[in-house]
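The values are calculated or read from the model by the stated rules, or taken from the named source; none is laboratory data. Remember, predicted model here, so these are calculated numbers, not experimental data. Note that each Cβ is placed from the backbone with ideal geometry, even for glycine, and that neighbours are counted across all protein chains shown.
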Amino acid sequence: MEKSNLNRRQFLTTGVLATSAMALATVGLQSCNADSNKDNGTSNNTKKDNAKRTLGTGDHSIEVSALGLGCMGMSYHRSFIPDKQAMIKMIRQAADLGVNFFDTAEAYGPFVNEQLVGEALEPIRNEIIIATKFGFKEGRPEIGLDSRPERIREVVENSLKSLRTDYIDLLYQHRIDPNVPVEDVAGTVKDLIAEGKVRHFGMSERDFNASAGGLDAVRKAHAVQPVTAIQSEYSPMTRNPENGVLDLCRELGVGFVPYSPLSRGLISGYINERTKYNPDNDNRATLPRYEPKTIIANWPIIDILKEFGDHRGLTVAQVALAWLLAQRPFVVPIPGTTKLAHLQENMWASEYEFMADELKKLTEDLSGVEIFGERYTTGYPTAK
């Protein structure tokens with residue numbers, strides 16, 4: 001199977017290079033100074049290992065593809081639910097294209113998304129990395145948080161069954177629970193690691209700077225069980241992690257996994273002020289940033305990304321993802337999609353290497369745009 005997958009990947013890679021050659025021929029792609037990246041933890045000229053990145057350090061590290069696949073929207077929170085067999089096929093195609101990092105959670109459904117991912121990846125289980133999450137009562141965000149040790153163990157047993165596996169590669173606390181000491185959470189995961197049911201520990205939060213305990217919670221948990229990765233929203237439109245979170249990751253040797261790296265489809269231009277959402281299966285219908293007037297007000301971000309991409313043969317989504325990858329070598333975005341064409345488009349973003357001056361200029365242009373609308377309604381319970 002390994003040889004077959006390799007042959008398919010070589011074939012697809014050859015096709016990508018052939019179709020991209022004309023667009024890239026006039027672009028002055030340059031290598032970065034890798035040593036300077038190590039010194040300051042940022043990218044000046046961003047020569048990347050396009051195939052793999054490392055989350056965490058030492059015994060608590062995992063090697064993953066530069067871009068993972070967020071699987072949530074295949075069954076949850078995106079207005080429609082695609083055909084299950086089509087999504088199984090697409091997940092397997094993602095693996096053939098080189099993706100080895102797949103993100104799901106008990107809360108996505110609940111349970112349904114884990115079952116989908118488990119069925120899709122069962123034939124190649126030992127070749128890929130699966131991340132899932134615990135943290136809500138009965139797996140339902142709308143009824144509250146629950147990270148009690150006994151609940152964590154219950155979730156893990158259910159997730160192992162749903163995912164058709166005997167171990168979870170990366171287990172996140174989905175949201176920090178102010179009613180349960182984070183040391184108890186980390187200690188429970190540490191015990192599960194010792195039992196072989198879990199391999200690595202992660203923490204997920206809407207905004208670590210504003211959450212209960214926030215960055216201090218990460219430090220406290222890390223002291224009990226080293227954290228391999230933390231996950232939070234990060235995109236050219238949502239840059240909260242730049243206020244201390246990325247620096248903490250660098251300090252502790254923790255990877256950072258941006259969810260919604262394309263702002264739930266908004267940055268791609270695939271949705272606009274005329275888009276209609278199904279309120280029964282789409283949290284965007286309730287989020288202030290996705291109101292028609294707010295989408296229009298924030299459109300300058302898309303204009304900047306489009307202008308950059310137009311001159312370099314890149315789509316808006318590719319520029320956004322390449323920009324994220326250029327921020328730190330330990331950043332691994334997990335864009336979600338239900339369409340193979342978008343999956344391929346997203347993956348090609350990891351091939352782009354910024355020159356120092358163009359990255360600086362793009363970042364400055366993005367920073368100059370005022371963003372309107374809150375990401376979430378206050379108190380709104382959501383898994384993403």
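A few points about this structure:
- Hits in the range 296-310 - residues which are more than 13 Å from Met237 (Cα to Cα) and touching a residue at least 24 places away in the same chain (Cβ under 8 Å): Lys306, Phe308
- The residue that is surrounded by the most Cβ atoms within 10 Å (Cβ to Cβ), counting only those in the range 212-226 that are in a helix (DSSP H, G or I), at negative phi and not hydrophobic (A, V, I, L, M, F, W, C), is His222.
- Selection status of Asp184, more than 21 Å from Tyr259 (Cα to Cα) and at pLDDT 95 or above: yes
- Of the residues making up the range 112-138, those that are under 18 Å from Glu150 (Cα atoms) and either within 18 Å of the chain's Cα centre (by Cα) or touching a residue at least 40 places away in the same chain (Cβ under 8 Å) (or both) are Thr132, Lys133, Phe134, Gly135, Phe136.
- Residues that are surrounded by 18 or more Cβ atoms within 10 Å (Cβ to Cβ) and in a helix (DSSP H, G or I), drawn from the range 58-84: His60, Met72, Gly73, Met74
- Odd one out for Ala131 among (1) in a strand (DSSP E or B); (2) surrounded by fewer than 16 Cβ atoms within 10 Å (Cβ to Cβ): (2)
- Residue within the range 141-151 that is at pLDDT below 95 and within 22 Å of the chain's Cα centre (by Cα) present: yes
- Subset of the range 168-203 (residues that are over 19 Å from Cys249 (Cα atoms), assigned to a helix (DSSP H, G or I) and in contact with a His (Cβ under 8 Å, 6 or more places away or on another chain)): Ile193
- Single unsatisfied condition, Thr286 versus (1) of a type outside the set (D, E, K, R); (2) more than 19 Å from the chain's Cα centre (by Cα); (3) surrounded by 16 or more Cβ atoms within 10 Å (Cβ to Cβ); (4) more than 16 Å from Ser268 (Cα to Cα): (3)
- Among the helices (runs of 4 or more DSSP H) confined to the range 308-378, there are none with at least 3 residues that are of a type in the set (Val, Ile, Thr) and at positive phi.
- Residue count for the range 139-170, restricted to those that are surrounded by fewer than 18 Cβ atoms within 10 Å (Cβ to Cβ), within 19 Å of Pro181 (Cβ to Cβ) and touching a residue at least 40 places away in the same chain (Cβ under 8 Å): 1
- Candidate set from the range 244-270 (those that are in a loop (DSSP other than H, G, I, E, B) and under 16 Å from Val227 (Cβ atoms)); member that is modelled with the lowest pLDDT: Gly244
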